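Working notes for the structure below.
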Amino acid sequence: MSEVKIAAETRTEFGKGAARRIRRADKVPGVLYGHGSDPIHLTFPGHELLLALRTPNVLIALDIDGKTNELAIPKSVQRDPLKGFLVHVDLQLVQRGEKVQVEIPVQAEGELAPGGNLLEYVLDALPVEAEATHIPESVTVSVEGLEAGAAVLAKDIKLPGGVSLSVEDDTVVLQVLAAQAEEAPEGAEAGEEAAEA
């Protein structure tokens with residue numbers, strides 16, 4: 001996984017008014033925490049951070065005030081529900097070689113058995129433990145030929161080396177549901193009978 005370098009500034013203003021001023025300047029307020037240290041309140045460049053966060057569990061190399069370099073991963077990202085811009089971000093401090101708990105997206109490939117079956121994602125992201133600098137972007141699962149009633153369990157998913165599950169082995173990740181026949185809306189039959197009379 002590649003690192004994304006972002007310059008951040010410490011912030012001293014807090015509260016809604018300060019946060020609005022920061023966002024008006026195309027920046028995003030956030031907090032960096034971890035390793036038992038006091039949280040550091042930061043301001044990030046909005047566009048650069050938005051681009052970086054397109055990659056799940058991105059490793060961010062922070063240059064804080066041009067003095068301190070830290071590695072971090074996103075832990076909580078708040079977006080405006082209507083416009084989608086970043087409102088606030090929490091980052092977790094990490095070190096090279098350190099294991100972290102993250103969720104990686106699950107992607108299915110292949111065709112289900114014929115019959116109009118549906119694939120349900122019980123978990124769309126798989127909780128795992130991985131080295132902070134080697135977090136996989138996603139895991140791919142083959143659903144080729146699976147029939148209704150089949151399930152893919154966490155233990156069935158092949159994980160890259162150095163990555164281990166953070167859930168029970170028998171946790172259902174994907175399951176195949178039988179297609180349901182559409183029922184005629186109530187009253188439709190009565191209407192047809194009346195038309196025939």
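By the gyration tensor of its Cα atoms, with a ≥ b ≥ c the square roots of the eigenvalues, what is the shape of the stretch 41-109: rounded for a/c under 1.5, prolate for a/b over b/c, or oblate?
It is oblate, given that a/c is not under 1.5 and a/b is not larger than b/c.
How large a share of the accessible area of the chain, in percent, is made up of carbon and sulfur atoms when the probe is 1.4 Å and the other protein chains stay in place?
48 percent
Determine the alpha carbon to alpha carbon distance for each of K5/K83; K67/K158; K75/K155 and list only those over 32 Å.
Checking Cα-Cα distances, K67/K158 exceed 32 Å.
List the residues whose amide H sits under 5 Å from the amide H of V87, counting only those 5 or more places along or on another chain, with H placed 1.01 Å from N in the peptide plane.
Residues meeting the criterion, in which the H sits 1.01 Å from N, are Q78, R79, D80.
If amide hydrogens are placed 1.01 Å from N in the peptide plane, which non-local residues have theirs closer than 5 Å to the one on L146?
Here A113 satisfy the definition.
If N is the number of residues in the chain, what value comes out of its Cα radius of gyration divided by 2.2 N^0.38 Å?
Relative to the rule-of-thumb radius for its length, the chain sits at 1.43.
Counting only heavy atoms of protein chains, what accessible area per residue, in Å², does the stretch 37-79 have with a probe of 1.4 Å?
51 Å²
Can you bin the stretch 1-55 into rounded, prolate or oblate? Criterion: square roots of the alpha carbon gyration tensor eigenvalues sorted a ≥ b ≥ c, rounded for a/c under 1.5, prolate for a/b above b/c, oblate for the rest.
oblate
Counting only helical runs of four or more DSSP H residues, what would the 222 nm mean residue ellipticity of the chain come to if each run contributes -39,500 (n - 2.57) and the total is spread over all its residues?
Result for the chain: -3500 deg cm²/dmol, rounded to the nearest 500.
Express as a percent, rounded to the nearest 5, the fraction of DSSP beta bridges in the chain (both residues included) that run antiparallel.
Percent antiparallel among DSSP bridges in the chain is about 75.
Skip the ligands, DNA and RNA, and give the accessible area per residue of the stretch 110-173 with a 1.4 Å probe, whole Å².
54 Å²
The values are calculated or read from the model by the stated rules, or taken from the named source; none is laboratory data. From a predicted model like this one, the values you see are computed outputs, not experimental measurements. Each accessible area value is taken on the protein alone, full model and side chains, heavy atoms only, with ligands, DNA and RNA left out. Shrake-Rupley method; radii C 1.70, N 1.55, O 1.52, S 1.80 Å.
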